[in-house]
Each structure stands twice: as C-alpha cells, then as structure tokens.
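Reviewing the structure listed below.
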Amino acid sequence: MLRKIIGIILGLVFISFAAMQYNDPDATVWILIYLYAAAITILAAFGKVPVLVLAITTVTCLLGAFYMWPEKYEGLEVGGGDIKNIEEAREALGLLLIGVIMFLYAIMPGRVQKINHSPYNTKG
C-alpha cells in the first residue's frame with residue numbers, strides 16, 4: 001500500500017515538474033519527459049510496468065543525465081552563473097531523478113504479481 005501511495009505522490013510531483021516547463025525554450029520535450037515519468041511511476045507503483053521498460057527508462061535517463069551535465073557546474077539558481085550551465089544542470093538532475101526512481105521500482109520486491117501458468121491452475 002505504501003508503494004502505491006509513494007508512486008502516486010511521485011507521479012504528481014512529475015506532473016508538477018511538467019507544468020513548470022511551460023516557459024522553457026524546449027518545453028515540449030521536457031513536458032513529455034516528465035509526463036512519461038509520471039505515467040510510468042504511477043503504473044510501476046501498481047506493478048503494471050514490465051521490468052524491461054523500467055530498465056530501459058533507467059539507462060536512458062542516466063545516460064541522458066551524463067550527456068546533459070554542464071561543462072561547468074554553477075548551481076541551480078538563476079543569477080548564480082551562466083544560465084546555460086544552470087539550465088543544463090537542472091535538466092541533468094531531472095533525468096537523474098527519473099532514472100533513480102525507475103531503478104528503485106525495477107528492483108523493488110513485490111513489483112510484479114506472479115502469474116501461475118501451470119496446466120493445473122484452476123483459478124484462471
């Protein structure tokens with residue numbers, strides 16, 4: 001039950017992240033990324049996402065975070081340095097957050113309900 005509640009909360013957090021992208025120069029890309037993360041997080045919380053999807057999402061996000069990381073980290077706050085470096089750091093950390101959450105759902109015990117495919121299964 002706790003896994004489901006946390007998944008719903010994280011899904012809502014990702015939806016709020018998507019909503020905050022409206023003024024970003026590449027808003028469409030990031031809105032879609034965060035909405036995808038919200039959907040997968042909520043579905044994973046209910047055990048409805050195959051581990052392969054979680055694994056691919058994890059690897060893709062971690063590679064994206066590595067690729068997006070700025071040449072010079074100058075913090076996350078506007079006014080703290082070059083806006084390009086700040087924006088790249090924020091985007092990289094967003095991908096890192098998604099990747100870590102997907103990884104945790106992939107390794108979480110009880111993630112998927114087991115289906116009995118035995119020919120002696122009378123329950124369906």
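The values are calculated or read from the model by the stated rules, or taken from the named source; none is laboratory data. In this text the structure is predicted, and so the values were computed from the model without any measurement. Backbone-built Cβ (ideal geometry, glycine too); neighbour counts: all protein chains shown.
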Inset, instruction - Go through segment 101-124 and give me each residue that's at pLDDT below 90, among the β-branched types (V, I, T) and in contact with a helix residue (DSSP H, G or I) (Cβ under 8 Å, 6 or more places away or on another chain). - result: V112
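Of all residues in segment 31-54 being over 11 Å from the mean Cα position of the chain (by Cα) and in a helix (DSSP H, G or I), which is surrounded by the fewest Cβ atoms within 10 Å (Cβ to Cβ)? It would help to see each step written out before you state the result.
Residues of segment 31-54 that are over 11 Å from the mean Cα position of the chain (by Cα), as a first pass: 31-32, 43, 45-53.
Going one step further and asking which of them are in a helix (DSSP H, G or I), we end up with 31-32, 43, 45, 51-53.
On the way: I31: 18, L32: 12, L43: 16, A45: 22, V51: 13, L52: 9, V53: 15.
Only one residue fits best here, namely L52.
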Inset, instruction - Give me a count of the residues in segment 51-99 that are over 23 Å from L32 (Cβ atoms) and of a type in the set (S, T, N, Q). - result: 1
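Here is a yes/no grid of residues against (1) assigned to a loop (DSSP other than H, G, I, E, B); (2) touching a helix residue (DSSP H, G or I) at 6+ places or on another chain (Cβ under 8 Å); (3) not charged (D, E, K, R):
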residue: L12; (1), (2), (3): no, yes, yes
residue: I15; (1), (2), (3): no, yes, yes
residue: F66; (1), (2), (3): no, yes, yes
residue: P70; (1), (2), (3): yes, yes, yes
residue: E74; (1), (2), (3): yes, yes, no
residue: G99; (1), (2), (3): no, yes, yes
